[in-house]
Amino acid sequence: MLLDMILNKYPAQEDSLIEILLEFQDAKSSHFISEAEVKQIASYLQISEAKVCSVISFYTFFRTEQKGQHIIQVCRGVPCHVTADINIVKIIEKELGIKVDETTENKKFTLEYTSCLGLCDKAPVMRIDDKIYTNLTENKIKAILAEYRVYN
Amino acid sequence: MKEMKVISKRFDKVNPLSIQDYINTNGYTFLKKAIKMERISIIEEVEASYLRGRGGAGFPTHIKMMGLAKETSMPKYIICNADEGEPGNFKDRAILEKDPYAVIEGMTIVAYATGATKGYVYIRGEYLEALKIMKHCIQEATENNLLGNNILGEKFNFTLEVRSGAGSYVCGEEFALIESIEGKPGRTRIKPPFPTQKGVFNQPTMISNVETFANIPFIIEIGGKEYHKIGTPSSTGTKLLSLSGNIKNPGVYEVPFGVTIRAVIEELGGGTLNNRKIKMIQLGGSCGPIIPEYMLDMIIDYERFEEFESKTGSGAIIVMDDRSDIFDILMNTVLFFEHESCGKCVPCREGHVQLLKIIDKFVKRTASSKDLDSLESLARVMHQTSLCGLGQSSPTSIISTIRFFRDEYLDRIDHPASN
Ligand SMILES: Cc1cc2nc3c(=O)[nH]c(=O)nc-3n(C[C@H](O)[C@H](O)[C@H](O)COP(=O)(O)O)c2cc1C
Ligand code: SF4
Ligand code: FES
């Protein structure tokens, strides 16, 4: 199983926890960590489940429920905010028919905000999964979304 | 004005992944030099250079090095803070992606000088490329006997490991970062003891910024005295600046300390887009002050920045032209900190919620002069009583705009929304 495989790569010490969670969540196709998996990780590291849960809830990267197949994150750092002549979130909301923090009915997209992605010199910026899109314009956003809707 | 490329000299000139490229461009020459020096003289060179930390606060680096060197409890650790979560900062990403071996060499020299045997590079989880590059480079360095056991044939062991953040801004704070490396939620600890006394796994630890470490090989190259001649007496050397916002040529630029903000914006950044008027700039990122156009002749220097009582020294300059609205920016900034607060102390946890309520009144033009007083005193209390730098510096944008843009606050009070 995937989790067993990943666990075996790490020493059974508490300081492996975040690395394990990151690698596992990334590798798992539904990109979230279930209760059963929390149990298994806790028992491998010999720490309490509460400890694992406190880490999962502290760090924004970790998810405990299934999100859309693609996660769209729009940067709302000040540099992106002041360079955007368009309201990026509004455009995406309109295109997909969802609001921020919602998932489309077909479970294809989840829309979220993110803090600065460190690409402020190419603002405005958004991220879809691991891919970054810079210097956004209204047409560019629509074209990118169209590509995901048709091909991915 | 031209850039002074010392830390950025290899940017876009070498293949950052190639250790051979690095070595061919003088890389590792200064580790080789340092390893033949007395450990204490390395620290003295850094002292003579008066290098100050590039993570924001500008603390003298040699004091931390000496602090670590004099500890006897083994093992001792070194951490490179590559969390760079402050909105508007991207200079550490540039170093990590374009000259990663310089950071590794700098850390190795510091490890040698202080007796540390293990190091971590803590990179924010959003920096996927930098994470990949750093892991690769550490492996290459290890295979070339530049990390690991008996480095360069000397009795000197030092290993490096990359750790990834997981989307928490407060983990850039040194003790929050240490907790995170230990696999815990990133909540700060009460100081003292300081990290050099009891840091990661309760062992002596020195934690410094990416750019700080990248300066070390250069100090060994030219010597502390020569280094001290660059910049200003209180702020020596060069600074990488992250220039963003309403500007023609945003990007990372390296300048000696002492140049004016205006020169950077106009001569390196090419001025604003469409030559619009600058309304304000934010210095350092979201935790920094918002200052008006007429202050752009201020020089870049830690001493000047200290006036704002905030961690302004990371080198972000966010330019905002005359279309920007102060209250819109404040709302954005405070929302960010409210979201990132770790919740450990009351002034920060509760303070942000209250700040948002009052700022919203200014946005909606329903604020009274009493609200302005409350805003100001709340911001002061948070600044003075919060447990860590997040709550202490988050109100800086408010305190600075009340000082420099008071008219705009009063205008909103005097001209309420009509309904
Ligand atoms: C909320 C918060 C976030 C911080 N984020 C960073 C960061 O991303 N990178 C950094 O180098 N320092 C950051 N710092 C400063 C560190 O606590 C620490 O002072 C710094 O890493 C020391 O390195 P230096 O002496 O080389 O500047 C942050 C501080 C606070 C309070
Ligand atoms: S100031 Fe904020 S982030 Fe820092 S310890 Fe207090 S609650 Fe946590
Ligand atoms: S503010 Fe959007 S990438 Fe920095």
Check your understanding: Cα-Cα over 29 Å: which of A:Lys90/B:Lys13; B:Lys135/B:Lys191; B:Lys344/B:Lys364; A:Lys131/B:Lys5; B:Lys5/B:Lys33; A:Lys67/B:Lys248?
Key -> A:Lys90/B:Lys13; B:Lys135/B:Lys191; B:Lys344/B:Lys364; A:Lys131/B:Lys5; A:Lys67/B:Lys248
**Study point:** Share of Cα-Cα pairs in region A:70-151 lying beyond 19 Å, as whole percent
**Key:** 28 percent
Check your understanding: Convex hull volume of the Cα atoms in region B:238-321, per residue, in Å³?
Key -> 73 Å³
Exercise for review: With a point put 7 Å past each Cα toward its Cβ, work out how far A:Glu138 is from A:Glu14 in nm, to one decimal.
Suggested key: 5.4 nm
Exercise for review: Return, for the Cα atoms of the protein assembly as shown, the radius of gyration and Dmax in Å, separated by a comma.
Suggested key: 23.6, 79
Check your understanding: Okay, which of region B:177-208 sit inside 15 Å, backbone N to the point 7 Å along the Cα-Cβ direction of A:Ala50?
Key -> B:185
Revision key, fill the gap. Quick note, region B:177-282: a/c under 1.5 would make it rounded; otherwise a/b > b/c is prolate and the rest oblate (a ≥ b ≥ c, C-alpha gyration tensor); here it is oblate
Check your understanding: So how strong a dipole does region B:348-406 carry about its Cα centre when Lys and Arg Cβ are +1 and Asp and Glu Cβ are -1, to the nearest 20 debye?
Key -> 160 debye
Study note, to complete from the structure: On the accessible surface of region B:326-412, probed at 1.4 Å with all protein chains in place, carbon and sulfur together account for a percent value of 53 percent
Practice item. Take B:Arg189, B:Arg276, B:Arg304 and sort them by solvent-accessible surface of the protein heavy atoms, 1.4 Å probe, largest at the top. Key: B:Arg304, B:Arg276, B:Arg189
Exercise for review: Based on a Kirkwood Rh over C-alpha pairs, give the Stokes-Einstein translational diffusion coefficient of chain B at 20 °C and viscosity 1.002 mPa s in µm²/s.
Suggested key: 97 µm²/s
Exercise for review: Mind giving me the nanometre distance, one decimal, between the label points for B:Ile222 and A:Ser43, set 7 Å out from Cα along Cα→Cβ?
Suggested key: 6.1 nm
Check your understanding: With every protein chain left in place, what is the accessible area of B:Leu152 in Å² (1.4 Å probe, nearest 10)?
Key -> 60 Å²
Review point. For region B:146-177 and region B:203-225, what is the separation of their Cα centres, given in Å?
Key: 14 Å
Point to revise | Shape category assigned to region B:19-228 from the gyration tensor of Cα positions, a/c cut at 1.5 | key: rounded
Exercise for review: Calculate, in nm to one decimal, what B:Thr159 and B:Asn26 gain on full extension: separation in residues at 0.36 nm each, minus their alpha carbon distance.
Suggested key: 45.7 nm
Check your understanding: By how many nm would the segment from B:Ser368 to B:Asn274 grow when fully extended, if each residue of separation counts as 0.36 nm and the alpha-carbon distance is taken off?
Key -> 30.2 nm
Check your understanding: Quick one: with all protein chains in place, what share of the accessible area of region A:67-152 is carbon or sulfur, to the nearest percent (1.4 Å probe)?
Key -> 45 percent
**Study point:** Cut-off under 5 Å, modelled amide H: who pairs with B:Leu241 long-range
**Key:** B:Tyr253, B:Glu254, B:Val255
Point to revise | Protein-only accessible surface order, largest first, of B:Ile222, B:Ile79 at 1.4 Å | key: B:Ile222, B:Ile79
Exercise for review: Please report the buried accessible area for the interface of A with B, total over both chains, probe 1.4 Å, in Å² to the nearest 100.
Suggested key: 3000 Å²
Exercise for review: Mind listing the long-range amide H neighbours of B:Tyr77? Cut-off is under 5 Å, sequence gap 5 or more, other chains count too, H placed in the peptide plane at 1.01 Å from N.
Suggested key: B:Thr205, B:Met206
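The values are calculated or read from the model by the stated rules, or taken from the named source; none is laboratory data. Treat the numbers as computed from the prediction; the structure is a model and nothing was measured. When we count neighbours, we look across all protein chains shown, and the Cβ atoms used for this are built from the backbone with ideal geometry, even at glycine. Protein only, heavy atoms only, side chains kept; ligands, DNA and RNA dropped before computing areas. Shrake-Rupley method; radii C 1.70, N 1.55, O 1.52, S 1.80 Å.
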